[in-house]
Amino acid sequence: MDANLFTSMLFATVVAGTPLIIVALGLLVSERAGVLNLGAEGMMAMGAVTAFAITHHSGSPWLGVLAGMSAGMAMALLFGVLTLTLMANQVASGLALAIFGVGLAAFVGKPYEAVALQAVPPIRIPFIADIPLIGEALYNQQLLVYFSWALFWGLLWFLYRSRAGLVLRAVGESPASAHAIGYPVIRIRYLAVLFGGAMAGIGGAFLSVFYTPMWAEGMVAGRGWIALALVVFATWRPLRVMIGAYLFGGVMITQLFIQGSGLQIDFPSQFLSSLPYWATIVVLVVISRNVNTIRLNSPLSLGKPYRPDA
Amino acid sequence: MLELEARAEPSRLMPWLSPLLAVALTLVGGMLLFLALGKDPIEGFRIFFLNPVRDLYAVSELLLKATPLMLCAIGLAIGFRANVWNIGAEGQFMLGAVAATGVALYFDGSQSSLLLPAMVAAGALGGALWASIPAFLRTHFNANEILVSLMLVYVAQLFVSWLVFGPWRDPDGFNFPQTKMFDDAATMPMLLEGTRLHMGFAIAIGLLVAGHVFMNHSFTGFRMRVAGEAAAAARYAGFSASRMIWAGLLAGGAAAGIAGMGEVAGPMGQLTDKVGSGYGFAAIIVAFVGRLNAFGILLASLLMALLYIGGEQAQQYLNLPSSISMVFQGMLLFFLLGSDVFINYRLRLRRRAA
């Protein structure tokens with residue numbers, strides 16, 4: 001493989017992995033607090049369409065990202081009211097959020113389907129971007145790529161070094177004990193769910209404003225679900241989320257490069273396009289095969305409603 | 001201040017009242033939505049909710065639309081009752097359509113009256129085979145069936161796309177991504193003269209009855225219900241969990257596959273890349289709104305079909321995107337899930353201590 005190809009594939013892999021990292025890390029925080037929100041796909045779709053529309057009208061991609069984040073949070077709030085206040089089933093509510101979000105995004109996004117946005121130029125970090133092979137790929141990237149790395153380091157510190165992170169994990173493991181010690185379980189879960197929504201919104205914004213940049217119905221294309229699978233694959237640990245997201249990014253990009261390379265291989269493009277989905281399934285199988293890996297690592301109260309007896 | 005208070009016993013009435021409450025809230029929400037979009041809400045209501053039932057033909061279209069929904073939903077309900085979360089009915093629907101199309105194309109020109117039954121069987125088999133992947137991976141490798149079945153929806157869509165762009169494309173079809181039109185012997189007979197309502201509706205009603213009997217009057221159905229409501233009790237009684245996972249997923253897959261067959265052999269008359277039109281996802285809402293119960297599913301599928309057709313009407317007469325249907329459908333499920341809180345809780349007025 002020649003050096004240029006390596007650099008451009010690495011570049012594209014990082015870009016493809018970024019929305020997965022942002023969304024999956026957000027979901028990881030919700031799940032660490034014991035809340036399973038299957039609505040990531042819907043939150044991403046709403047984030048994507050809102051960010052696109054606001055960027056189009058205001059001309060500012062950053063206002064767009066902010067709007068996408070808010071849209072994701074609004075969707076998450078809806079989920080929170082249902083599952084945390086009204087104690088509805090988390091699986092059903094998450095599915096509802098996914099269906100509703102994708103539908104609403106298609107509805108509000110209709111007028112924007114033929115609109116194009118200007119590409120946002122990447123931000124080049126001086127000196128280290130000159131490193132051969134990897135410099136251009138890693139350090140001449142979109143701001144949100146750097147944000148995903150900051151998010152990762154921030155989350156590592158938060159979960160394992162900060163008091164608040166300890167409380168969050170306690171709420172996820174045993175809400176009853178956390179409540180008994182005097183922590184506001186429901187409020188903490190709300191915050192965790194909102195954080196998950198905010199990150200899903202930003203992830204969606206990344207897709208529509210920076211990655212493509214355009215809006216089309218169904219453009220999230222299952223990334224919200226893949227992010228959910230990544231959290232399981234990562235056994236709820238941030239570092240493994242990073243690794244997994246880049247592996248997936250790599251799979252997505254490799255198939256695109258093969259399709260675009262003009263290599264005359266006798267293999268239908270649709271089969272190549274389905275590789276990321278098969279990869280998700282394979283990874284789930286590998287990681288879930290040992291029942292204990294999942295049982296020992298998943299937050300104990302994940303998906304179970306909790307209502308403190310006041 | 002209002003607060004929720006746990007009921008001593010779950011309400012007997014609310015499980016039935018809450019869908020009605022959800023429908024009422026959806027109507028109110030819809031009116032507000034029309035207002036927000038600058039449309040006359042009364043006119044919007046008339047077009048969205050009354051146009052689809054204005055005459056016999058409109059009603060036949062409603063029943064036609066409800067057919068795949070009730071088929072998919074009754075299959076899903078069997079799994080959902082046992083907490084088997086098959087959300088890939090959309091993909092199983094497509095594979096059913098593919099298998100049925102395969103039979104129709106292979107026996108092209110045949111006038112045999114066995115062709116249609118063979119297509120129904122192929123549809124059921126295709127859907128069940130697709131659903132057997134998550135079932136196998138769940139029972140043997142503990143892989144989450146929600147994620148696996150969902151991933152397979154995307155794979156199924158790409159598979160269909162490959163077929164209709166590639167080997168199965170109609171050579172005389174001006175390069176459209178579609179197969180040739182099926183022969184008369186491979187299309188569903190009509191139930192009502194002058195409408196598009198076909199045999200599939202009768203099959204759907206039959207399967208609703210069969211589903212009801214299975215869920216409420218068979219031992220396996222009983223075991224699945226126990227597993228859903230009290231997993232520990234089911235384990236203690238020695239009910240095999242993997243058997244229930246298989247039963248839930250295969251039932252869901254087969255029913256969705258038949259629904260897919262009904263679409264290609266019914267209103268579509270061919271396989272195209274647009275065959276998966278969201279029925280498999282909408283059926284999740286139908287199953288929940290119908291309380292995972294056959295009769296409820298019948299009503300819920302009619303309601304959801306109304307929302308679909310209402311969306312098409314809104315596109316035609318109000319110049320709104322037809323995806324407004326999905327907004328209404330999502331709203332309905334949200335309101336239902338919210339209303340369900342009153343099954344186990346009641347609102348109580350509490351005066352703050354002065």
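Applying the set (1) at pLDDT 95 or above; (2) within 14 Å of chain B (Cβ to nearest Cβ) to A:F52 leaves exactly one unmet item: (2). If you check A:T7 against the conditions, is it of a type outside the set (A, V, I, L, M), under 30 Å from A:P132 (Cα atoms) and in contact with a helix residue (DSSP H, G or I) (Cβ under 8 Å, 6 or more places away or on another chain)? The answer is yes for A:T7.
Can you say whether A:G109 is within 19 Å of A:I22 (Cα to Cα), of a type in the set (G, A, S) and at the interface with chain B (Cβ under 9 Å from one of its Cβ atoms), as far as the supplied structure shows? When the stated conditions are applied, A:G109 does not pass them. Could you check, for segment B:116-132, whether at least one of its residues is closer than 30 Å to A:G39 by Cβ, within 13 Å of chain A (Cβ to nearest Cβ), surrounded by fewer than 19 Cβ atoms within 10 Å (Cβ to Cβ) and not aliphatic (A, V, I, L, M)? The answer is no; no qualifying residue exists.
Exactly one residue among A:A164, A:A129, A:A137 is in contact with a strand residue (DSSP E or B) (Cβ under 6 Å, 6 or more places away or on another chain) and either part of a helix (DSSP H, G or I) or of a type in the set (D, E) (or both), and that residue is A:A129. Counting just the residues of segment B:306-331 that are outside any helix (DSSP H, G or I) and within 15 Å of B:Y279 (Cα to Cα), which one comes out farthest from the other protein chains (Cβ to nearest Cβ)? Selected residue: B:S322. Here A:G222 does not qualify as out of contact with any strand residue (DSSP E or B) (no Cβ under 6 Å at 6 or more places or on another chain) and either crowded, with 24+ Cβ neighbours inside 10 Å or more than 19 Å from A:L104 (Cβ to Cβ) (or both).
In segment B:267-281, the count of residues that are of a type in the set (G, A, S), surrounded by 24 or more Cβ atoms within 10 Å (Cβ to Cβ) and not in a loop (DSSP other than H, G, I, E, B) is one or more.
Among the residues of segment B:118-125, is any within 17 Å of B:G257 (Cβ to Cβ), of a type outside the set (A, V, I, L, M), touching an Asp or Glu at 6+ places or on another chain (Cβ under 7 Å) and in contact (Cβ under 8 Å) with a residue 40 or more places away in the chain? No, there is no match, as no residue in segment B:118-125 is within 17 Å of B:G257 (Cβ to Cβ), of a type outside the set (A, V, I, L, M), touching an Asp or Glu at 6+ places or on another chain (Cβ under 7 Å) and in contact (Cβ under 8 Å) with a residue 40 or more places away in the chain.
None of A:L156, A:L144 is crowded, with 18+ Cβ neighbours inside 10 Å, within 24 Å of the chain's Cα centre (by Cα) and touching a residue at least 24 places away in the same chain (Cβ under 8 Å) except A:L144. Note on segment A:197-310: enclosed helices (runs of 4 or more DSSP H) holding 3 or more residues that are away from chain B (no Cβ under 14 Å) and not hydroxyl-bearing (S, T, Y) are A:238-260. Applying the selection to segment A:231-248, what residues are over 17 Å from A:R289 (Cβ atoms) and out of contact with any Pro (no Cβ under 9 Å at 6 or more places or on another chain)? Correct list: A:V231, A:R237, A:P238, A:L239, A:V241, A:M242, A:I243, A:Y246, A:L247. One residue is enough: does segment B:83-99 have a residue meeting the conditions under 21 Å from the mean Cα position of the chain (by Cα), farther than 30 Å from B:L191 by Cα, surrounded by 15 or more Cβ atoms within 10 Å (Cβ to Cβ) and among the small types (G, A, S)? Within segment B:83-99 (the criterion being under 21 Å from the mean Cα position of the chain (by Cα), farther than 30 Å from B:L191 by Cα, surrounded by 15 or more Cβ atoms within 10 Å (Cβ to Cβ) and among the small types (G, A, S)), the answer is no, since none of the residues qualifies. Criterion applied to B:G262, B:G338, B:G296, B:G257 was being within 14 Å of chain A (Cβ to nearest Cβ), small (G, A, S) and either touching a helix residue (DSSP H, G or I) at 6+ places or on another chain (Cβ under 8 Å) or within 18 Å of B:A156 (Cα to Cα) (or both), and the one residue passing it is B:G338.
Residues are listed down the side, and each one gets a yes or a no for (1) assigned to a loop (DSSP other than H, G, I, E, B); (2) among the charged types (D, E, K, R); (3) surrounded by fewer than 21 Cβ atoms within 10 Å (Cβ to Cβ); (4) on the phi > 0 side of the Ramachandran plot:
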| residue | (1), (2), (3), (4) |
| --- | --- |
| B:P134 | no, no, no, no |
| B:H140 | no, no, yes, no |
| B:A143 | yes, no, no, no |
| B:S149 | no, no, no, no |
| B:V155 | no, no, no, no |
| B:F159 | no, no, yes, no |
| B:W168 | yes, no, yes, no |
| B:M181 | yes, no, yes, no |
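Can you name the number of the only condition in (1) of a type in the set (G, A, S); (2) under 30 Å from B:T195 (Cβ atoms); (3) modelled with pLDDT under 90 that B:A36 fails? Condition not satisfied by B:A36: (2).
So is A:G34 crowded, with 23+ Cβ neighbours inside 10 Å and on the phi > 0 side of the Ramachandran plot or not? Yes, satisfied.
The single condition from (1) touching a residue at least 60 places away in the same chain (Cβ under 8 Å); (2) surrounded by 20 or more Cβ atoms within 10 Å (Cβ to Cβ) that B:S323 fails is (1).
Whether a residue is of a type outside the set (D, E, K, R), touching a helix residue (DSSP H, G or I) at 6+ places or on another chain (Cβ under 6 Å), in a helix (DSSP H, G or I) and at pLDDT 90 or above was assessed, and B:M224 does not pass this test. Within segment B:181-194, one or more residues are farther than 24 Å from B:L114 by Cα and either touching a Ser or Thr at 6+ places or on another chain (Cβ under 9 Å) or not aromatic (F, W, Y) (or both).
Of the listed requirements (1) small (G, A, S); (2) touching a residue at least 12 places away in the same chain (Cβ under 8 Å); (3) surrounded by fewer than 20 Cβ atoms within 10 Å (Cβ to Cβ), A:A164 misses just one: (2). When A:G135, A:G103, A:G72, A:G80 are screened for being of a type outside the set (D, E), crowded, with 23+ Cβ neighbours inside 10 Å and more than 14 Å from every other protein chain (Cβ to nearest Cβ), only A:G72 passes. Condition test on A:E136, is it of a type outside the set (A, V, I, L, M) and closer than 30 Å to B:L150 by Cα? No. Of the residues making up segment A:49-66, those that are of a type in the set (G, A, S) and either buried (at least 24 other Cβ atoms within 10 Å of the Cβ) or touching a residue at least 24 places away in the same chain (Cβ under 8 Å) (or both) number 3.
The values are calculated or read from the model by the stated rules, or taken from the named source; none is laboratory data. What you are looking at is a predicted structure, and each value in this text was computed from that prediction instead of being measured. So basically every Cβ, Gly included, is an ideal-geometry build from the backbone, and we count neighbours across all protein chains shown.
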